[in-house]
Amino acid sequence: MQKNASASIPAGIPLSGSSVDVNAGVRIKNNYFDGLPVSRNHMGIFLIIILAYFFEQLDNNNFSFVAPALIKSWGISMEDIAHITSLYFVGMTLGGLLGGVISDFIGRRKTFLASIVIFSVASIVNGLANDLMTFAIARAVTGFGIFCMMVVSIAYISEMTPGESRGKWQNMTAGIGFLAMPVIGVIARMIVPMSPDAWRYIFYMGGLGLIGFLFGLKYLKESPRWLVSKGRVAEAEQVMFELTGRQVDLSEAAKKVQPRENVMEVLVGMFSRGYIKRTVVLLVSFISVCIPGFVFMAWTPTLLQQKGFSLEQSLFASSLIILGAPIGCFLSSFISDKGGRKIPIGVMALCWAALAAVFANLGNNLTLIIAIGMGMNAFNLAGSFTLFSYVAESYPTRMRNTATGFHNAMGRLSVAGSQLMVPVIYAKFGFGGVFTVISGFLIVLGVTVLVFGERTGGKSLEEVA
């Protein structure tokens with residue numbers, strides 16, 4: 001039956017914005033959020049994601065600041081630190097693979113919220129740990145929860161924003177949420193040197209992520225695209241109304257939905273004739289960005305201490321270097337949607353590579369180390385989150401989260417292996433050798449995307465897929 005084109009607005013549903021939209025009661029045919037303004041209610045969802053990102057980054061980055069203290073108080077070696085970090089990335093790999101799959105089955109919202117609980121509780125267990133085995137396992141579980149949430153949020157933001165500004169909101173939410181990175185640096189610098197066991201308080205703070213869970217439980221909406229893929233069109237239209245204040249007719253979008261594929265079909269489909277090129281480009285890209293990014297973030301405080309700087313100096317430098325992350329994400333939000341997405345990614349990767357080559361040869365000038373390090377971290381997070389938009393745009397809804405999880409998981413799996421090589425490279429080639437290798441990976445990333453990548457930015461997800 002044809003629905004009334006002038007149907008009234010459901011009672012009790014607040015309109016977005018400060019004034020009533022005279023067209024709010026008119027049903028419009030639309031491809032989800034494309035072409036519609038981002039509303040005040042939309043912003044509320046972004047704030048929940050920002051809150052989750054904030055506590056996720058507290059948990060994600062705290063170990064790099066705690067590692068030097070663990071070496072000192074527990075008497076463990078750089079190899080022990082490498083094994084803990086490697087297990088953390090194994091957890092991330094599983095979180096990426098399973099998070100995408102689970103969210104395709106039970107929804108983006110439920111998976112997102114469950115992930116917050118997992119990494120928050122695991123962080124508290126890390127603070128309570130009294131032996132290396134318990135600590136390493138809890139750290140792995142933290143990695144699982146963190147990356148499960150990250151993979152889901154990547155696809156979720158892409159599905160919940162207009163095609164013309166997906167990259168902007170992906171990077172903007174990260175830029176604000178990642179202010180946790182310098183915050184944890186400042187807090188760690190104050191707390192960790194206080195006593196041999198003061199590092200435990202850093203992990204207890206990670207439990208505050210449950211605040212984000214409580215807000216999300218009440219206010220987070222399910223993705224209309226996921227709802228439509230499950231045949232729940234009326235619910236999807238209701239979510240659209242609650243967020244935009246417009247009654248959107250998704251009947252045409254529902255007709256285009258293809259049956260959901262199982263995990264094996266998605267993985268096989270990613271390497272089919274239609275997707276093989278973008279899949280290979282994305283695999284190379286994620287491996288080439290994850291290894292440099294996480295070696296840099298996880299090892300810089302420890303490598304600076306091994307270079308001859310004191311614990312206080314290495315923590316001071318790292319807490320300033322990490323400031324580059326939110327700055328980079330925020331600034332890149334203004335260019336992320338330009339050049340079909342591929343050009344910003346490629347250019348930022350090559351700029352990062354150049355700074356890494358300089359960083360490798362700075363000697364013991366702490367001021368220059370901090371300045372160049374901030375620039376590296378800016379390009380690191382800016383490029384990574386633009387790449388997150390890129391992968392989410394590259395596959396249809398029936399494949400999106402599983403494919404996004406796969407690429408991110410392969411990137412994290414490569415990090416798990418590379419972590420074990422850092423002490424080896426350092427022992428043979430020193431501080432400069434580690435960052436020369438980083439520069440090489442980034443050159444591969446930049447060239448691959450610029451030469452072989454496809455343009456996706458600014459288009460509807462359905463058009464690109």
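The values are calculated or read from the model by the stated rules, or taken from the named source; none is laboratory data. It should be emphasised that the depicted structure is a prediction, and the values quoted were computed from it without experimental measurement. Cβ atoms come from the backbone with ideal geometry, glycine included; neighbour counts cover every protein chain shown. Side chains included, ligands, DNA and RNA excluded: accessible areas come from the protein's heavy atoms. Shrake-Rupley method; radii C 1.70, N 1.55, O 1.52, S 1.80 Å.
Give or take rounding to whole Å, what are the principal axis extents of the alpha carbon atoms in the stretch 384-450, in descending order?
47, 25, 15
Compute, for the stretch 116-209, the length of the dipole vector about the Cα centre, with Cβ point charges of +1 (Lys, Arg) and -1 (Asp, Glu) only. Units Debye, rounded to 20.
140
Report, please, the projected area of the chain averaged over directions, based on the convex hull of its C-alpha atoms, in nm².
21.2
How tilted is helix 166-177 with respect to the longest principal axis of the chain? Cα atoms for both, answer in degrees (0 to 90, nearest 10).
Compared with the principal axis, the helix lies near 50 degrees.
Given +1 on the Cβ of Lys and Arg, -1 on the Cβ of Asp and Glu, and no further charges, what dipole in debye does the chain carry about its Cα centre, rounded to the nearest 20?
Roughly 680 debye, rounded to the nearest 20.
Quick one: helix 233-244 against the long Cα principal axis of the chain, what's the angle to the nearest 10°, folded into 0 to 90?
The angle comes out at about 70 degrees.
Of the cross-linked pairs LYS218/LYS338; LYS168/LYS218; LYS221/LYS255; LYS29/LYS221; LYS277/LYS428; LYS256/LYS277, which ones have a Cα-Cα span greater than 32 Å in the structure shown? Don't jump to the answer; show the numbers that get you there.
Numbers: LYS218/LYS338 35 Å; LYS168/LYS218 26 Å; LYS221/LYS255 23 Å; LYS29/LYS221 21 Å; LYS277/LYS428 37 Å; LYS256/LYS277 24 Å.
Distance filter (> 32 Å) returns LYS218/LYS338; LYS277/LYS428.
Under 16 Å between alpha carbons, and skipping anything fewer than 8 positions from LYS230 in its own chain: which aspartates and glutamates qualify?
ASP104, GLU159, GLU222, GLU252, GLU261
Counting only protein heavy atoms and a 1.4 Å probe, tell me what percentage of the stretch 24-162's accessible area is made up of carbon and sulfur.
Heavy-atom surface of the stretch 24-162 belonging to carbon and sulfur, 1.4 Å probe: 74 percent.
Taking only DSSP H segments of four or more residues, each worth -39500 (n - 2.57), what value at 222 nm results for the chain once the sum is divided by all its residues, to the nearest 500 deg cm²/dmol?
About -24500 deg cm²/dmol.
Can you tell me the convex hull volume per residue for the stretch 312-390, based on C-alpha atoms, in Å³ to the nearest whole number?
71
If you average 1/r over every pair of different alpha-carbon atoms in the stretch 270-368 and take one over that average, what Kirkwood value in Å do you get?
Mean inverse Cα-Cα distance, inverted, gives 15.9 Å.
Which value, in Å to one decimal place, does the Kirkwood hydrodynamic radius take for the stretch 261-311 when every pair of different Cα atoms is included? Walk me through the numbers on the way to the answer.
Numbers: mean 1/r = 0.0730 Å⁻¹.
About 13.7 Å, per the Kirkwood formula over Cα pairs.
Could you state the angle between the C-alpha long axis of helix 422-452 and the longest principal axis of the C-alpha atoms of the chain, as a value from 0 to 90 degrees rounded to the nearest 10?
Relative to the chain, helix 422-452 is tipped by roughly 30 degrees.
At 20 °C and a viscosity of 1.002 mPa s, what translational diffusion coefficient does Stokes-Einstein give for the stretch 351-465, taking Rh as the Kirkwood radius over Cα pairs? Give it in µm²/s as a whole number.
133
What is the pair-distance distribution P(r) of the stretch 200-252, computed from all Cα-Cα distances in 5 Å bins starting at 0, with each bin given as a whole percent?
Pair shares across the bins are 4, 18, 19, 15, 11, 9, 8, 7, 6, 2, 1.
At a Förster radius of 35 Å, what calculated FRET efficiency corresponds to the Cβ-Cβ distance of ASN361 and LEU47, to the nearest 0.05?
So, using R0 = 35 Å, E works out to roughly 0.25.
Evaluate E = 1/(1 + (r/R0)^6) for LEU368 and LYS307, where r is the Cβ-Cβ distance and R0 equals 22 Å; express this FRET efficiency to the nearest 0.05.
Computed FRET efficiency for LEU368 and LYS307: 0.95.
Taking the radius of gyration and the Kirkwood hydrodynamic radius from Cα positions alone, what is the Rg/Rh ratio for the stretch 69-194, to two decimal places?
Reported Rg/Rh, Kirkwood definition of Rh: 1.04.
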